[in-house]
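Worksheet: one structure, shown below.
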There are 2 protein chains.
Amino acid sequence: MKNIFTICLLASTLAFAQKSDEERVKSFYDASLLNGKSYEWLDALSNDIGGRLSGSPQAEMAVKWGERELRALGLDKVWLQPVMVPKWTRGEAEKAYFQIGGKKTAVPICALGGSVATKASGLKASVIEVQNFEELATLGKEKIAGKIVFYNRPMQANLISTFSAYGGCVNQRYAGAMEAAKYGAVGVIVRSMNLRMDDYPHTGSMTYGETPVKDRIPAAAISTKGAALLSAQLKEHPRLQFYFKQNCQQFDDVLSHNVIGEIKGSEFPNEVMVVGGHLDSWDLGDGSHDDGAGVVQSMEVLRLFKETGYKPKRTIRVVLFMNEENGLRGGRKYAEVAKEKGEKHIFALESDAGGFTPRGFSFDCSDAAFAQVQSWKPLFEPYLIHYFAKGGSGADIGPLKDENIVLAGLRPDSQRYFDHHHAANDTFDAVNKRELELGAATMTSLMYLFDKYGTQPELEEKIKG
Amino acid sequence: MKNIFTICLLASTLAFAQKSDEERVKSFYDASLLNGKSYEWLDALSNDIGGRLSGSPQAEMAVKWGERELRALGLDKVWLQPVMVPKWTRGEAEKAYFQIGGKKTAVPICALGGSVATKASGLKASVIEVQNFEELATLGKEKIAGKIVFYNRPMQANLISTFSAYGGCVNQRYAGAMEAAKYGAVGVIVRSMNLRMDDYPHTGSMTYGETPVKDRIPAAAISTKGAALLSAQLKEHPRLQFYFKQNCQQFDDVLSHNVIGEIKGSEFPNEVMVVGGHLDSWDLGDGSHDDGAGVVQSMEVLRLFKETGYKPKRTIRVVLFMNEENGLRGGRKYAEVAKEKGEKHIFALESDAGGFTPRGFSFDCSDAAFAQVQSWKPLFEPYLIHYFAKGGSGADIGPLKDENIVLAGLRPDSQRYFDHHHAANDTFDAVNKRELELGAATMTSLMYLFDKYGTQPELEEKIKG
């Protein structure tokens, strides 16, 4: 009953304040589209700094850049939060070909993040194509030992959310080497997580799990066109040889930082709301969509509050997380420190799904909190924001999860995301200024509503108290 | 009362048949995304034929291509519908610069479609910048005579629909020369209809209205970056000279064709439903978004019906209209012939807003028909199709309008559309395969629903009868 009462109270408050909310929301969209800073920031992060894998000099440049830009906004507080991160380097550009008789055909590959190198002269072996781990088990050691396992299960094109298609395939990349090593494979080639047919190999994180160091085998992604060609050739020439060479290297952990800025809440300074993206990226492109976009949109939320003269009641914190891609150390560290300090986080929003036209949000929260969000849908309709669903939020804010927090993820249009994800064409020119700015305004509007009305778990607590 | 009764009847029919509708819709999306032909067709139209302005050899190649591809589908009937179209040619690439003292700075321009040429040596004059026609009137002949009028009103970036922003500016392009000529201007330069800052000039149609031939002045579009530069320089150097040269030419009308194919209805063959896009395009790019996408999506509707084994009750006709861009002769001819033959058209759908992720449809129809459409919204939700609004449909199907027809336009995401519209970068690589295919499946689903349930005006007529 309390829930229903609270929602009614809230709804009537909302009806009364509706006009003002509409005006506020419009002011965020207007300011973002007419006088936004997100695109200029992304230009700097992508083109002046570029790809910024954890532990790289570019990642450290990005930390300094983020701190400097947040300071320039005149926030109440800006600081760096130390965190140890893995350091892995790709080394020289990888080489690969398949060989039929005397004829070698080059194919585009890249080492998966965290993979071991091949020996300096490279690795050459015959290839066995599989679609999944079950097929590995069926084939067994006899058919696999001494070979390169080629995982070629494509992303399912008839899924409307490309993230679902990704989710259905990515275990090949993440755990493929670990699984293949159990059957004596000497290397792994994985079809890129990409719905387009093109020549870009897509990297991404992988794990060796408990595999002893001596048994770890090198793993690389092959472009979708390369995968199709290899698969076709294997049907005709099952004994073809595949060669690849990569000299990537894992180093000891190094010190890096999350970059944090905040506006102190005017009424409830002890209630913290987080908005963020991750500052690190893969190394092949410049990380514009993943996740430069999320970084600059999150910064823009605080800038838009200031530019439009909105003074938040609660403490609004932007967090530029380090090391989402290959460790999640930044996200874990932020949550750990927040817990140590006994900080009360009521809401966290992440943008980490590309800088495309925003469609809405997914929410990891209670039913009551979700009902509260749904009451705000009409405010978003003029901006064609229509998608409000329960679902995952973002990797970096995940560690903050408890029963009293509402977690949310921006959901942009997903159709083009995996065309660029973790590949050399994740570059600034693939981001449209308006789409990026619409995302920033949409995030700002949601932050504003949670700031103004609080979150449902929090309201319930107050009623109880 | 009859309306309400009909809607209730319809709603209960729909509830009963819901599962089957869901399955049908899914079959269209699956077939389009897994085994679609739209992208392959667009590749041919864009890359083998290219830009296809009415009256050009490429436009005639496109007619032949369309006819051949429709015949290959095994439709019940395919034919060409003759129509006389204007023929205008751009000639050599245009040249333009502004000159301050001895220093010439080149800027990217292109002739507007239908413009007269400059004299062979070009046109040089001082420039007066205006934002709109009211400002022209205020300045009057004294300030304008002998000068080049530079229309520089930008598209309004804070409008969410870029088509609204276009609508607020395009009179500068369409009627700018005619209006400026009234005050003795010698030429017109128009800021490109583009929300991005870049180096592409965007062409498009214009009119001289009743201006006598001897008083017609040349008109060109300048890129947005060029416009910004010229405007800034004019503030410092108001007497700078602008030079441009274009040798475009208007010829007598020539014979061309609409390309039409149909599947005969199994139950109501005399009720016609049209789906279409326009086969002609501007000449600078290859016309992939405008409107190659609409052409291949419309063809795909009929192909998907056949591939999934759906046999329409009504006659489904695909029309590839000629000459939307600079005359609308194809659309007018189609409606004229339909009227002459006494054909009963109950529904027409056009795709002419780019091959981007579909968001929904706009409808030009009665309230009752719109209520019918809204009852179908849940069927589209799994595909993130959420936008159903009253509004314009499409230029080519507009001439079919009467009280008994439902007209609809596909509404894709509009954010990137004017980045490419009528410019050299409207090319195949700017179209994403999945986005194009989602649009085709969305159109097919709507056509299916109207075919299965009929349209509201038609139902009302049956109840009356």
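The values are calculated or read from the model by the stated rules, or taken from the named source; none is laboratory data. Because the structure is predicted, anything quoted here is derived from the model rather than measured. Ideal geometry is used to build each Cβ from the backbone, glycine not excepted, and the neighbour counts take in all protein chains shown. Keep in mind that these areas ignore ligands, DNA and RNA; they rest on the heavy atoms of the full protein, side chains included. Shrake-Rupley method; radii C 1.70, N 1.55, O 1.52, S 1.80 Å.
Quick one: which bits of the stretch B:389-433 get at least 10 Å² less accessible when the partner protein chains are in, versus the chain alone, with a 1.4 Å probe?
Residues passing the criterion (a loss of at least 10 Å², heavy atoms only) are B:D413, B:Q415, B:R416, B:D419, B:A430, B:N432.
Near the amide H of B:V274, under 5 Å away, which other amide H atoms are found, from residues 5 or more places off or on another chain, if H is placed in the peptide plane?
Close amide H contacts, sequence-distant or interchain: B:R317, B:F347, B:A348, B:L349.
Tell me which of B:G439, B:V63, B:Q415 sits at the most positive position along the dipole axis of chain B, charges placed on C-beta atoms (Lys, Arg +1; Asp, Glu -1).
Final value for the positive-end residue is B:Q415.
Once phi is turned into θ = phi - 60°, what whole-Hz ³J(HN,Hα) does the Karplus curve with 6.51, -1.76 and 1.60 give for every residue of the stretch B:309-316, x standing for Gly and Pro?
Residue by residue, the stretch B:309-316 yields x, 8, 9, x, 6, 9, 7, 9 Hz.
So which residues of the stretch A:336-363 lose at least 10 Å² of accessible area, probe 1.4 Å, when you go from the chain by itself to every protein chain present?
Residues of the stretch A:336-363 that lose at least 10 Å² of accessible area once the other chains are added: A:T357, A:R359.
Rounded if a/c is under 1.5, else prolate if a/b is larger than b/c, else oblate: which is the stretch B:267-362, with a ≥ b ≥ c the root eigenvalues of its Cα gyration tensor? Before the final figure, lay out the partial values.
Numbers: a/c = 2.32, a/b = 1.26, b/c = 1.84.
Verdict is oblate for the stretch B:267-362.
Quick one: putting +1 on the C-beta of Lys and Arg, -1 on the C-beta of Asp and Glu, what dipole do you get for the stretch A:91-247 around its Cα centre, in Debye to the nearest 20?
On the way: 19 positive and 12 negative charges, 87 e Å.
Dipole magnitude for the stretch A:91-247 comes out near 420 debye.
Net charge within 12 Å of A:Y208 by Cβ-Cβ distance, Lys/Arg positive one each and Asp/Glu negative one each, not counting A:Y208 itself? Let's see the in-between values first.
Working: positive: A:K182, A:K214, A:R216; negative: A:E179, A:E210, A:D215.
Neighbourhood net charge equals 0.
Sum -39500 (n - 2.57) across every DSSP H segment of at least 4 residues in chain B, then divide by the residue count to get the 222 nm mean residue ellipticity, nearest 500. Don't skip to the end; give the middle numbers.
Values: 14 runs with 171 residues, N = 465.
Using -39500 (n - 2.57) per qualifying helix, the result is -11500 deg cm²/dmol.
Quick one: order B:R153, A:R239, B:R173 from most to least accessible surface, probe 1.4 Å. It would help to have the intermediate numbers written out before the result.
Working: B:R153 50, A:R239 210, B:R173 15 Å².
Putting B:R153, A:R239, B:R173 in descending order of accessible area: A:R239, B:R153, B:R173.
Mind jotting down the distance between the C-alpha centroids of the stretch A:446-465 and the stretch B:353-416, whole Å?
Cα centres, the stretch B:353-416 to the stretch A:446-465: 38 Å.
Cα gyration tensor of the protein assembly as shown, axes a ≥ b ≥ c as square roots of the eigenvalues: rounded (a/c below 1.5), prolate (a/b > b/c) or oblate? Before the final figure, lay out each step's value.
On the way: a/c = 1.40, a/b = 1.30, b/c = 1.07.
Rounded, since a/c falls under 1.5.
Please sort A:112-119, B:290-297, B:231-238 by packing, taking for each peptide the average over its residues of neighbouring beta carbons within 10 angstrom, highest first.
Values: A:112-119: 21.5, B:290-297: 31.6, B:231-238: 13.0.
The peptides rank, most packed first, as B:290-297, A:112-119, B:231-238.
Tally Lys/Arg at +1 and Asp/Glu at -1 over every other residue whose Cβ is under 15 Å from the Cβ of A:G102; what's the total?
On the way: positive: A:K103, A:K104, A:K124, A:R239; negative: none.
In short, +4.
Taking amide hydrogens as modeled 1.01 Å from N in the peptide plane, which residues meet the under 5 Å criterion relative to A:K77, leaving out close sequence neighbours?
A:E262
Quick one: which of B:K264/B:K339; A:K77/A:K333; A:K339/A:K401; B:K87/B:K124; B:K95/B:K119; A:K333/A:K462 span more than 23 angstrom between C-alpha atoms?
Numbers: B:K264/B:K339 19 Å; A:K77/A:K333 19 Å; A:K339/A:K401 11 Å; B:K87/B:K124 27 Å; B:K95/B:K119 13 Å; A:K333/A:K462 29 Å.
Table pairs above 23 Å Cα-Cα are B:K87/B:K124; A:K333/A:K462.
Taking θ = phi - 60°, what integer Hz values does the Karplus form 6.51 cos²θ - 1.76 cosθ + 1.60 yield along the stretch A:342-357, in sequence order, with x for Gly and Pro?
Those phi angles translate into x, 5, 9, 9, 9, 8, 9, 10, 10, 10, 8, 9, x, x, 8, 3 Hz.
Mind listing the long-range amide H neighbours of A:D198? Cut-off is under 5 Å, sequence gap 5 or more, other chains count too, H placed in the peptide plane at 1.01 Å from N.
Residues meeting the amide H criterion: A:T224, A:K225.
What is the Å³ per residue value for the convex hull set by the Cα atoms of the stretch A:323-393? Write down the numbers at each step before the final one.
Numbers: hull volume 7.8 nm³, N = 71.
In the stretch A:323-393, the Cα hull volume divided by residue count equals 109 Å³.
Tell me, what is the Rg over Rh of the stretch A:243-293, with Rh the Kirkwood radius over Cα pairs?
Values: Rg = 18.1 Å, Rh = 15.2 Å.
Rounded to two decimals, Rg over Rh is 1.19.
Taking R0 as 56 Å, what FRET efficiency do you get between A:K341 and B:K264 from their Cβ-Cβ distance, rounded to the nearest 0.05? Can you show the working numbers first?
Working: r = 74 Å, r/R0 = 1.32.
It comes out at approximately 0.15.
Counting only protein heavy atoms, probe 1.4 Å: which residues of the stretch B:33-66 lose 30 Å² or more of accessible surface in the full assembly compared with their chain by itself?
B:L33, B:L34
Kindly give the distances from A:K143 to its copy-mates, label point to label point, with each label point 7 Å from Cα along Cα→Cβ, as nm values to one decimal ordered shortest first.
8.2
Take B:K77 and A:K390, extend 7 Å from each Cα along the Cα→Cβ direction, and tell me the distance between the two endpoints in nm.
Taking the two extended label points, one gets 5.4 nm.
How many angstrom lie between the Cα centre of the stretch A:279-314 and the Cα centre of the stretch B:175-215?
Result: 40 Å between the Cα centres.
Normalized C-alpha radius of gyration of the stretch B:348-462, against 2.2 N^0.38 Å? Don't skip to the end; give the middle numbers.
Working: Rg = 14.7 Å, N = 115, 2.2 N^0.38 = 13.4 Å.
In units of the 2.2 N^0.38 Å rule of thumb, it is 1.10.
Any idea of the total accessible area buried by the A-B contact, 1.4 Å probe, rounded to 100 Å²?
On the way: alone 18890 and 18910 Å², together 35200 Å².
Chain pair A/B: roughly 2600 Å² of buried accessible area.
In Å², and per residue, what accessible area does the stretch B:91-247 have when probed at 1.4 Å with the other protein chains present? Mind showing how you got there, number by number?
Details: 6800 Å² over 157 residues.
It amounts to 43 Å² per residue over the stretch B:91-247.
Of the options A:G101, A:L80, A:G91, report the single residue whose Cα projects farthest towards the positive end of the charge dipole of the stretch A:68-111 (beta-carbon charges: Lys, Arg +1; Asp, Glu -1).
Highest projection toward the positive end goes to A:G101.
Would you work out what percent of the accessible area of the protein assembly as shown, with all protein chains in place, is carbon or sulfur (probe 1.4 Å)?
The value for the protein assembly as shown is 53 percent carbon and sulfur by accessible area.
Can you compute 3J(HN,Hα) from phi for each residue in the stretch B:181-190, using the Karplus curve 6.51 cos²θ - 1.76 cosθ + 1.60 with θ = phi - 60°, rounded to whole Hz and x for Gly and Pro?
Residue by residue, the stretch B:181-190 yields 4, 4, 9, x, 4, 9, x, 9, 10, 10 Hz.
Could you give the dipole magnitude of the protein assembly as shown about its Cα centre, charging the beta-carbon of Lys and Arg +1 and that of Asp and Glu -1, in debye to the nearest 20? Could you put the intermediate results ahead of the total?
On the way: 110 positive and 116 negative charges, 163 e Å.
Roughly 780 debye for the protein assembly as shown.
What does the charge add up to near B:L53, with Lys and Arg as +1, Asp and Glu as -1, over the other residues with Cβ less than 10 Å from its Cβ? Spell out each step's value before the answer.
Numbers: positive: B:R52, B:K87, B:R90; negative: B:D280, B:D283, B:E325.
Surrounding charge for B:L53 is 0.
Quote the charge dipole size of chain A about the Cα centre in Debye, to the nearest 20; the model charges only the Cβ of Lys and Arg (+1) and of Asp and Glu (-1).
Charge dipole of chain A: 900 debye, to the nearest 20.
I need the Debye-formula profile for the stretch B:91-247: one equal scatterer per C-alpha, no solvent, reported as log10 I(q)/I(0) at q = 0.10, 0.11, 0.19 1/Å, two decimals.
Debye intensities relative to I(0), on a log10 scale: -0.31, -0.37, -1.19.
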